[in-house]
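Student: Structure incoming, see below.
The values are calculated or read from the model by the stated rules, or taken from the named source; none is laboratory data. Since this is a predicted model, take the numbers as computed values, not measurements. Cβ atoms come from the backbone with ideal geometry, glycine included; neighbour counts cover every protein chain shown.
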């Protein structure tokens, strides 16, 4: 279909890739991956015919159609959403008009004449072709794709220029999917999609009749939609068979092989150089020395590119809160006539990692703002528990930053005890390197400032984090840093994310916001989907209500005057569902690791108290020791409570 042959591209003195050979076959489903700045989007533009190569060539099968979706920058105007999508079928619609015109001619022409015969033949041919191309279902096709991409029927008749940039990209994506080109080139297609729309796109691509190439930072999305991975690494294009997870495994093997080849080559080079240096001055060895020099010059040096270091960042653990962190009672929220939440009730407990899910506009961000107190409820209330201190990361968090402050200075003020080297490593994970860390925050773009705001939260978290789409603008490396830090965090997290992998790895509970209601589901997003597929209304598989929480009702008597079987069941040990039990076991393991660490910190603090430095330092150490003892007591109580539940 399409092939790159010894292809190369540079920007000024900087080479993006060289000697790239890539045959793109029909119906291949490929991910294009690589670190930021390696040239992924540039290759996509080359394949789409929007950029030229500096070296090598590009060959394309005649008549092949290619559709390209850039990351951003598209703006549509002048038509309604539905009419804009129908432009994809202009040729078919013209065919329909000709069929109608020919039908009119046939009704008035002489049936015995030659003109009638020619017109009838053309009419029949066009009608068969129109039917084969599913021309009678154009409206249904457009409606199906628009619905799948999150457009309600009321949106179909709105002008395209009424929509924001993210929705404009959805319209452009809809047009590409309807056009069904032989090769789809999609650069970050999930950037502007919510979780439900992303799920729909996954299913659509699985049944797509032709090939496509994807760039995405969504690991789960790639795993379920591709069967081949092409990586730009070390200025070369490397091809791997399999999805993203298999690519990671194969890449490790390939790097090990490259390192072994590099080590062997270094030994060969050192051996040749040693011979040359040893016998260079001896006339009797001149011929052998010259031979070794020529051999050395012919060796094509293997390069091992510097691998990005893996950063493991741990949150400074906050002081513990009470067991109950937040509770909603008859909570309602309306905007004018629009009811977003209708008398909802739920409870969030210490250590919960809660994912909020629901379609765009369901009220997820509204619910987070109600929990933070940034918005007042229309009815009911939100109660925060003992010693709960919340911190909120909004989608537009950058607006609250000090634009005049330099990035590293601002971060250092937020994390006085963290070394500058660790702060710079953290900023590097969030794509700020070199002199970028000295830039004033005001010169950063909105996406850059949001990335920085998220890094700032990591260094000084409260014990109740509320994160609204924290994974936006992050690449896979930054997502992994955030995910690992949140997984090890001892506080409570409520978050909204459209990254399926992130939710599955982090969430211990899902709150579904839909139609004004909030429904709780134990487990991660995969568990939530399973409960939904089984048709369970609440998905709740939590521990049974304890006796003191169970309403007191008269006990039914059987014929012998004794309590019913239900009464007897009260005295039986309660059974934990497997998901809840696994979560509790993981929490116990975490506490068993943390308790000795806190005990060691207490011992170290008490040791420091034995050496007088100043009154202020003594006061600080006494306060620190008190905080550590309180945290130790809370962790010990929680561990004992969990062990009783697990053993009971």
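Student: Find the residue count for segment 240-255, including only residues that are within 23 Å of residue 47 (Cβ to Cβ) and surrounded by fewer than 14 Cβ atoms within 10 Å (Cβ to Cβ).
Tutor: The number of residues fulfilling the criteria is 1.
Student: A further question on this structure: Find the residue count for segment 619-643, including only residues that are more than 27 Å from residue 583 (Cβ to Cβ) and touching a helix residue (DSSP H, G or I) at 6+ places or on another chain (Cβ under 6 Å).
Tutor: 3
Student: Scan segment 33-78 for residues that are in a loop (DSSP other than H, G, I, E, B), in contact with a strand residue (DSSP E or B) (Cβ under 7 Å, 6 or more places away or on another chain) and closer than 16 Å to residue 14 by Cα and jot them down.
Tutor: 38, 39, 53, 54
Student: Follow-up question, since we're still on this one. Name every residue in segment 352-362 that is modelled with pLDDT under 90 and either in contact with a strand residue (DSSP E or B) (Cβ under 9 Å, 6 or more places away or on another chain) or surrounded by 21 or more Cβ atoms within 10 Å (Cβ to Cβ) (or both), in order of residue number.
Tutor: 358, 359, 361, 362
Student: When the residues of segment 224-251 are filtered to those that are part of a helix (DSSP H, G or I) and touching a residue at least 40 places away in the same chain (Cβ under 8 Å), which remaining residue is nearest to residue 166 (Cα to Cα)?
Tutor: Only one residue fits best here, namely 225.
Student: Quick check, is residue 158 surrounded by fewer than 20 Cβ atoms within 10 Å (Cβ to Cβ), touching a residue at least 24 places away in the same chain (Cβ under 8 Å), in contact with a strand residue (DSSP E or B) (Cβ under 7 Å, 6 or more places away or on another chain) and over 27 Å from residue 525 (Cα atoms)?
Tutor: Spelling it out, residue 158 is indeed surrounded by fewer than 20 Cβ atoms within 10 Å (Cβ to Cβ), touching a residue at least 24 places away in the same chain (Cβ under 8 Å), in contact with a strand residue (DSSP E or B) (Cβ under 7 Å, 6 or more places away or on another chain) and over 27 Å from residue 525 (Cα atoms).
Student: Residue check, residue 432 against (1) closer than 28 Å to residue 511 by Cβ; (2) under 27 Å from the mean Cα position of the chain (by Cα), all met but one. Which one?
Tutor: Among (1) closer than 28 Å to residue 511 by Cβ; (2) under 27 Å from the mean Cα position of the chain (by Cα), residue 432 violates only (1).
Student: Among all residue pairs at least 6 apart or on different chains, which show Cβ distances below 6 Å where the first residue, located in segment 619-648, is assigned by TED's automatic domain parsing to the domain that holds residue 596 and the second is outside any helix (DSSP H, G or I) and surrounded by 14 or more Cβ atoms within 10 Å (Cβ to Cβ)?
Tutor: Within 6 Å, the pairs are 627/319; 631/320; 634/320.
Student: Looking only at segment 391-409, decide whether some residue is more than 30 Å from residue 638 (Cα to Cα), out of contact with any helix residue (DSSP H, G or I) (no Cβ under 8 Å at 6 or more places or on another chain) and modelled with pLDDT of 90 or more.
Tutor: No - not one qualifying residue is present in segment 391-409.
Student: In contact with a strand residue (DSSP E or B) (Cβ under 7 Å, 6 or more places away or on another chain) and surrounded by 12 or more Cβ atoms within 10 Å (Cβ to Cβ) - does that describe any residue in segment 80-100?
Tutor: yes
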